[in-house]
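Data block below; observations after.
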Amino acid sequence: MLTPNLPNLDMDLARTMVAIADTGNFSRAAERVHRSASAISLQVKKLEDMVGRDLFRRDARSVALTADGEIFLGYARRLLKLNDEAFSRFLSPCCEGSVRLGVPNDNGVVAMPEILRRFARTHPKVEVEVRLDRTEELRRRCWSGELDLAVYSHDERLDGPDYIHSEPLVWVGARGGLAFAETPLPLALADAGCAWRGMALAALDARDIDYRVAYTSEFCTGQLAAVAADLAIAPLPISVVSDDIVQLGAERGLPPLGNYRMTLARRDGAGPVADALAAHVTASFCAIAERGTRLFA
């Protein structure tokens with residue numbers, strides 16, 4: 001039985017917490033939720049007073065989650081997911097038409113099932129045309145109007161400060177595999193130009209680690225196949241870690257890779273169908289981030 005008289009979590013507070021966690025900065029979080037930085041600070045204080053715990057560690061430049069904050073973030077993401085799904089379903093139940101969505105070759109394969117499943121439940125009469133491509137091509141097609149929405153690797157110089165997803169990029173290998181011990185180190189990478197490939201090679205070069213590109217695949221699934229067969233290791237999002245694919249870290253002599261970010265671009269005048277799909281894209285990436293956070297903790 002639930003304890004009576006528990007407080008109710010305001011969705012605005014939950015949305016602010018997620019924004020701070022995703023951006024690591026009060027000012028950027030304020031831009032994302034369309035509030036002032038001072039209002040964000042008041043919301044954080046209110047939320048921490050409600051919970052009775054410190055949820056964030058603050059310094060002059062950034063904000064980080066405490067251990068309690070990481071736990072509470074998972075609840076906030078799930079509540080927002082249900083809230084947004086419910087209102088998407090009932091505020092636009094008769095939405096019809098088509099929408100053109102572009103997603104990257106790499107993690108588009110990981111994200112698409114969640115996105116399409118959520119959207120089909122709430123908008124069964126909308127036809128979704130999906131295009132898998134490289135970031136540069138997706139950005140160009142969205143800007144030219146060939147796509148209504150596009151998700152791709154975030155570049156602050158081109159895409160501005162806002163992004164919808166941030167996730168650790170990690171080295172992965174087959175459970176019980178030995179590919180990580182080979183010299184030169186065998187890699188399964190995406191095509192040249194992929195942000196993940198660039199991050200991985202730069203990290204290896206900085207450590208003077210000898211490597212060879214053993215397998216190249218346009219799609220993330222191709223890299224995972226080479227990894228599962230213990231033919232190579234690969235730099236991939238932590239959300240792909242499973243019973244068979246494990247994270248390899250410093251104990252294997254491998255350098256850290258940091259986080260990668262994704263942005264969501266929208267064609268000017270794309271319309272309500274695209275707006276509805278955009279909400280589902282954002283919520284689906286929040287769900288992926290939540291799974292990754294649990295693995296990374």
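Values in this text are rule-based calculations from the coordinates and carry no lab data. All of these numbers come straight from a predicted model, not from anything done at the bench. FYI the Cβ positions are ideal-geometry reconstructions off the backbone, even for glycines, and counts take in every protein chain you see.
How far, in degrees from 0 to 90, does helix 67-91 lean away from the longest principal axis of the Cα atoms of the chain, to the nearest 10?
70 degrees
Under 8 Å for C-alpha pairs, at least 6 residues apart: give me the relative contact order for the chain, rounded to a whole percent.
Working: 484 pairs, mean separation 61.5, N = 297.
Rounded, it is 21 percent for the chain.
Using θ = phi - 60° and the Karplus curve 6.51 cos²θ - 1.76 cosθ + 1.60, what whole-Hz ³J(HN,Hα) does each residue of region 219-231 get, with Gly and Pro shown as x?
10, 4, 5, x, 5, 5, 5, 5, 5, 4, 7, 6, 9
Translational diffusion coefficient, Stokes-Einstein: compute it for the chain using the Kirkwood radius over C-alpha pairs as Rh, at 10 °C and 1.306 mPa s, and state it as an integer in µm² s⁻¹. Each step should come with its number before you reach the end.
Values: Rh = 20.6 Å.
My calculation gives 77 µm²/s for D.
For region 42-90 and region 208-249, compute the distance between their C-alpha centroids and round to whole Å.
Centre-to-centre (Cα) distance: 33 Å.
Rounded to the nearest 0.05, what FRET efficiency is calculated for S27 and R57 with R0 set to 22 Å and r the Cβ-Cβ distance?
Numbers: r = 17 Å, r/R0 = 0.77.
The pair S27/R57 has a calculated efficiency of 0.85.
Relative to the present Cα-Cα distance, how much length would full extension add between W143 and D68 at 0.36 nm per residue of separation?
On the way: separation 75, 0.36 × 75 = 27.00 nm, distance 4.09 nm.
So the chain would gain 22.9 nm between W143 and D68.
Does anyone have the angle between helix 11-23 and the longest principal axis of the chain? Alpha-carbon axes, 0 to 90°, nearest 10?
30 degrees
For the chain, what is the percent of antiparallel DSSP beta bridges, rounded to the nearest 5? It would help to have the intermediate numbers written out before the result.
Working: 20 of 36 bridges.
About 55 percent, rounded to the nearest 5.
Let's test the formula: R0 of 51 Å, r as the Cβ-Cβ distance of K125 and L13. What FRET efficiency results, to the nearest 0.05?
Values: r = 34 Å, r/R0 = 0.67.
Efficiency for this residue pair is about 0.90.
Give me the number: length gained by fully extending L6 to A192, i.e. 0.36 nm times residue separation minus the C-alpha to C-alpha distance, one decimal in nm. All intermediate terms of the calculation are to be shown ahead of the outcome.
Values: separation 186, 0.36 × 186 = 66.96 nm, distance 5.30 nm.
Gain on stretching L6 to A192: 61.7 nm.
In the chain, once you exclude exposed GluC sites (Glu not before Pro) (DSSP loop, at most 16 other Cβ within 10 angstrom), what's the longest stretch remaining?
Numbers: sites that count: E96, E146, E182, E218.
Counting at most 16 other Cβ atoms within 10 Å as exposed, the longest clean stretch of the chain is 1-95.
What is the ratio of the Cα radius of gyration of region 11-88 to 2.2 N^0.38 Å, with N the residue count, to two decimals?
Here the answer is 1.03, to two decimals.
By how many nm would the segment from S41 to A206 grow when fully extended, if each residue of separation counts as 0.36 nm and the alpha-carbon distance is taken off? Walk me through the numbers on the way to the answer.
Numbers: separation 165, 0.36 × 165 = 59.40 nm, distance 3.90 nm.
Full extension from S41 to A206 adds 55.5 nm.
Once you keep just the Cα pairs under 8 angstrom separated by 6 or more residues, what percentage relative contact order results for region 11-88?
Across region 11-88, relative contact order equals 34 percent.
Using the Karplus curve 6.51 cos²θ - 1.76 cosθ + 1.60 with θ = phi - 60°, work out ³J(HN,Hα) for each residue of region 127-137 in order, rounded to whole Hz, and write x for Gly and Pro.
Along region 127-137, the couplings run 8, 10, 9, 10, 10, 9, 6, 6, 3, 4, 6 Hz.
Name the long-range amide H neighbours of S217: under 5 Å, sequence gap of 5 or more, or other chain; modelled H, no Pro or chain starts.
Under 5 Å from the amide H of S217: L189, A190, D191.
Let me have the 222 nm mean residue ellipticity of the chain computed from DSSP H runs of 4+ only, each contributing -39500 (n - 2.57), with the sum over all residues rounded to the nearest 500.
Details: 10 runs with 136 residues, N = 297.
That comes out to -14500 deg cm²/dmol.
Express the relative contact order of region 166-276 as a whole percentage, based on alpha carbon pairs under 8 Å and six or more residues apart in sequence.
Details: 189 pairs, mean separation 46.3, N = 111.
Relative contact order comes out at 42 percent.
On C-alpha positions alone, give me the angle between the axis of helix 272-296 and the longest principal axis of the chain, in degrees, nearest 10.
On a 0 to 90 degree scale, this one is about 60.
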